[in-house]
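To keep things clear, I will list the structure first and then write my remarks on it.
The values are calculated or read from the model by the stated rules, or taken from the named source; none is laboratory data. Bear in mind the structure is a predicted one, so any value in this text is a computation, not a measurement. Every residue, glycine as well, gets a Cβ built from its backbone with ideal geometry; the counts of neighbours run over all protein chains shown.
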Amino acid sequence: MADDPADNLAELFSAVCEGRLPHLLAKRWFIMGVLRVAREGEQLDRALGLKGDGIRTLQRRLMMVRRDRHLRAALQAVALTDGLSDWARCQRLAPLVVGFMRTWRSTRRLTDPAPDWPAWKREVFRAAQCDIPLPRTAGGLRDVLVRTSPCSLNDGKDNLLARYL
């Protein structure tokens with residue numbers, strides 16, 4: 001378990017949802033935060049390290065998880081064959097994202113993507129709805145792939161919280 005307050009909150013939330021005990025570090029983190037509230041009168045979100053100067057809000061982090069999940073799906077959708085490398089998919093999607101974002105102002109009012117759009121475009125639409133800037137270069141898209149690799153998805157705990165946005 002990391003020292004990241006958002007990771008601890010995600011662990012606590014998933015433990016409650018799954019009916020299991022949370023990891024010891026997440027439990028200690030929560031107990032220490034509640035004790036700071038009781039003893040010092042601090043606000044709970046600040047005592048837990050979820051709010052403060054220079055701290056990205058939990059909602060923004062979860063929206064980024066959601067955005068990145070859609071971008072990952074868009075990257076998969078542009079792979080016409082399974083043998084296409086990650087980098088080649090990023091190079092293929094980057095100009096499509098740039099072109100899509102030119103039309104975003106007129107399409108952002110839609111609640112759902114058009115059913116006749118290709119899969120990559122529907123996923124980019126969903127990613128843009130998260131209201132976090134989209135990477136428009138192959139390098140930026142590669143960063144998303146690295147950040148959302150199966151080994152870096154926080155065991156899905158962030159994804160569990162992101163579903164409730």
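The residues of region 35-60 that are farther than 28 Å from Ile132 by Cα and assigned to a loop (DSSP other than H, G, I, E, B), listed by number, are Gly41, Glu42. Within region 1-34, the set of residues being surrounded by fewer than 19 Cβ atoms within 10 Å (Cβ to Cβ), at pLDDT 85 or above and not in a helix (DSSP H, G or I) comprises Gly19, Arg20, Leu21, His23.
Does region 114-130 include one or more residues that are at pLDDT 95 or above, over 30 Å from Pro22 (Cβ atoms), of a type in the set (Asp, Glu) and surrounded by fewer than 16 Cβ atoms within 10 Å (Cβ to Cβ)? Yes, region 114-130 has at least one match. Remark: pairs (first residue in region 89-117, assigned by TED's automatic domain parsing to the domain that holds Leu141 and in contact (Cβ under 8 Å) with a residue 40 or more places away in the chain; second residue assigned to a loop (DSSP other than H, G, I, E, B) and polar (S, T, N, Q); Cβ separation under 7 Å; 6+ apart in sequence or on different chains) = Ala94/Thr137.
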